[in-house]
Each structure stands twice: as structure tokens, then as C-alpha cells.
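The structure appears below as C-alpha cells.
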Amino acid sequence: MKPYTQEIAGTPVKFDLVPIPGGRFVMGSPPDEAGRGDDEGPQHEVEVAPFWMGKCEVTWDEYEIWMFNLDIQRREIQKLEPTELDKVADAVTRPTKPYTDMSFGMGKEKFPAICMTQLAAKTYCQWLSAKTGHYYRLPTEAEWEYACRAGTTTPYSFGEDAAALDEYAWSFENSDDTYHEVGGKKPNPWGLYDMHGNVAEWCLDQYDPQFYAKSAQDGASVAPFLAPTRPYPHVARGGSWYDDPEMLRSAARRASDKTWKVQDPQLPQSIWYFTDAQFVGFRVVRPLVEPSEEQKAAYMAAGTEKE
């Protein structure tokens, strides 16, 4: 596996991916870790298969191609015929037009996309897969923590001292109440940027505070994944510009909540936008071994924000 750059055909936009080797690690935090939540234990051994992961969080530059049909509009202006991949991608559903600027004035070019529901993030991955011919999805919670730790066992991928966080992350302490361009701080040992802070990142899993206890009963757990079965809560990891340092730890878990769309004036409220989650974005992964169609359906199908 090697690093590579993924171009989005028909647009000038591209993004980098980093190879993540498969392996085993201890998921969760020890009972004496400062700032630890009760849902981070018990620690248990987990095995993860190799995958590529976005070097940075998905930016507005990438996300708005899908969100606003920019690829289709560009093709129509240039009077170009759709490719076979375009035809498949064009059939993927896209969000309704937002009623306000979803960046909330915090910046667009090179800044992380935010405020999407987990369904929206998953559907973007579905479109990206069709558009590129490579299978992309959100990381599972186990994949995310494995990649964030990058072989480390300390609270942060750079060590134990939260005072060093300023070199690696945007948090409430240094963000000036806004997110920042991706890749502006130091990367973790595997070359991933903003795994701590900037924006929290969607994972595929339903949030269950007891999931680790159930997984630990089986000894080493292979590719653990808790398939969503209901709209709330889903898992987001990594903390954000909005959070104190303890939420930026590698083991910290966050559960989505209905209040993340409380100011959405639509009835019923949108399945695409979390207007009050200006701290949530995502990054993509590409498994080395493409899953079966049944596995893909399981990753995509359940737990939408319909209420």
C-alpha cells in the first residue's frame, strides 16, 4: 500500500490518502487516564484490517461538488457527455438546498465541511465511490481510534501532556471560536492531520456506552462495528475547535443528539443537515479489500435521521 491522491473527475478537486497498516491494538482508555469517560472501557484488544484514510478531513471544496451538483453543472457548461462513472454517480441522491450558509461564516476553501448528518456523510461516500470507481466509506469507530493512535498508547498520539496540544490541534483553547483550514497543525505518527480537534469526525457506528463491555467478553475482537438501528445516537470522534482538551483524546467518544438540529425550522426537520453541530465533519476511508455487497449495504442502510 502506498499514499495516493484521489482526483474527482471533471473537477479540479483532489485529496490525499494515507495507507494504514492492519494490526491489533488496545481500544479504549485505562481507568486512571485524566478526563476519561465511563464509556471508554473496559479496554479490549481489537484487530483491524488495512485501509487508506483521508490525510485530512473532507473539505467544503470536495463536499460541495456533491452537495450542489457542481460536477453536473460544470459538465453542462462545457457541453461534455457523462462518463459511465458519472452516470452511476448522478443517480446517487443529493441533499436539499440548505436554508442558510452551512459554514456559518467560518470559511470555505480548504476548510472542513461541517453540519452534515451521519446519513449525509455516508451518502457523500456513496457518491464518491460511484464517481471514482473506488469504494469509500466512513471509518468504523475501531478503525478511527486505531488510525488516531497510530501505534501509541498515550492519551494523545503525541504523548500525555495536553499542554503540547497547541502544536497538533485546534481546540477551545486556541481556535478563537472557529474551525481552521485542514492540515495546519502537526500530523500524527502515521501522517494524518487534525485527528485531534478542528472538527469531530463521524464514524459508522451506533453509539452504545456498553459496546466495549460487550466486545471485551469475546477476547480479541475482529473488525468490531455496531450497525445503527435508530437515528440517535451515532458516534463522532476526535473532538473539535469547540471542545476542551479531554474531548480531543484518542479514546474520547461523542454521541449525536437531537439538539444538533434544534434551530432547523423545517417540519419535518432535514435528514441532511445538523444546523447546531458546527463542530462535526468527517473523513473517508478506503478498505484494502473491498467488502461484499452485503457488508456495504450494512454500512449504508440503517439509522438515518428520519424521525
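The values are calculated or read from the model by the stated rules, or taken from the named source; none is laboratory data. Since we're looking at a predicted model, the values are computed, not measured. Backbone-built Cβ (ideal geometry, glycine too); neighbour counts: all protein chains shown. Protein only, heavy atoms only, side chains kept; ligands, DNA and RNA dropped before computing areas. Shrake-Rupley method; radii C 1.70, N 1.55, O 1.52, S 1.80 Å.
Below, the figures for the structure above:
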quantity: Pairs with Cβ under 6 Å, 6+ apart, first in region 39-60 and under 26 Å from Pro233 (Cβ atoms) and part of a strand (DSSP E or B), second open to solvent by less than 40 Å² (accessible area, probe 1.4 Å) and acidic (Asp, Glu); calculated: Val48/Glu143
quantity: Complete set of residues in region 203-241 that are open to solvent by less than 20 Å² (accessible area, probe 1.4 Å), within 15 Å of Gly28 (Cβ to Cβ) and part of a loop (DSSP other than H, G, I, E, B); calculated: Pro224
quantity: Pair list, Cβ < 6 Å and 6+ apart or interchain, from region 116-137 residues that are in contact (Cβ under 8 Å) with a residue 12 or more places away in the chain to residues that are aromatic (Phe, Trp, Tyr) and assigned to a helix (DSSP H, G or I); calculated: Tyr124/Trp66; Trp127/Trp66; Arg137/Tyr299
quantity: Sole exception among (1) at pLDDT 95 or above; (2) open to solvent by 10 Å² or more (accessible area, probe 1.4 Å) for Ile8, by number; calculated: (2)
quantity: Some residue of region 156-179 being within 24 Å of Lys258 (Cα to Cα) and among the β-branched types (Val, Ile, Thr); calculated: yes
quantity: Of all residues making up region 26-63, the number that are open to solvent by 30 Å² or more (accessible area, probe 1.4 Å) and farther than 24 Å from Pro189 by Cβ; calculated: 4
quantity: Among residues of region 94-111, those that are at pLDDT 95 or above, farther than 26 Å from Ser175 by Cβ and surrounded by fewer than 11 Cβ atoms within 10 Å (Cβ to Cβ), counted; calculated: 0
quantity: One residue from Phe279, Phe274 being in contact with a strand residue (DSSP E or B) (Cβ under 8 Å, 6 or more places away or on another chain) and either open to solvent by less than 10 Å² (accessible area, probe 1.4 Å) or small (Gly, Ala, Ser) (or both); calculated: Phe274
quantity: Qualifying position, being within 23 Å of the chain's Cα centre (by Cα), aliphatic (A, V, I, L, M) and either closer than 30 Å to Thr153 by Cβ or not in a loop (DSSP other than H, G, I, E, B) (or both), among Leu85, Leu119; calculated: Leu119
quantity: Residue in region 136-154 that is farther than 29 Å from Phe274 by Cα, touching a Pro at 6+ places or on another chain (Cβ under 6 Å) and open to solvent by less than 50 Å² (accessible area, probe 1.4 Å) present; calculated: yes
quantity: Near pairs, Cβ below 9 angstrom, 6+ apart or cross-chain, from region 236-249 (modelled with pLDDT under 95) to any residue that is open to solvent by 10 Å² or more (accessible area, probe 1.4 Å) and not polar (S, T, N, Q); calculated: Tyr242/Phe172; Tyr242/Asp177; Tyr242/Phe279
quantity: Index of the failed condition, Trp127 passing every other in (1) modelled with pLDDT of 95 or more; (2) among the aromatic types (Phe, Trp, Tyr); (3) open to solvent by 20 Å² or more (accessible area, probe 1.4 Å); calculated: (3)
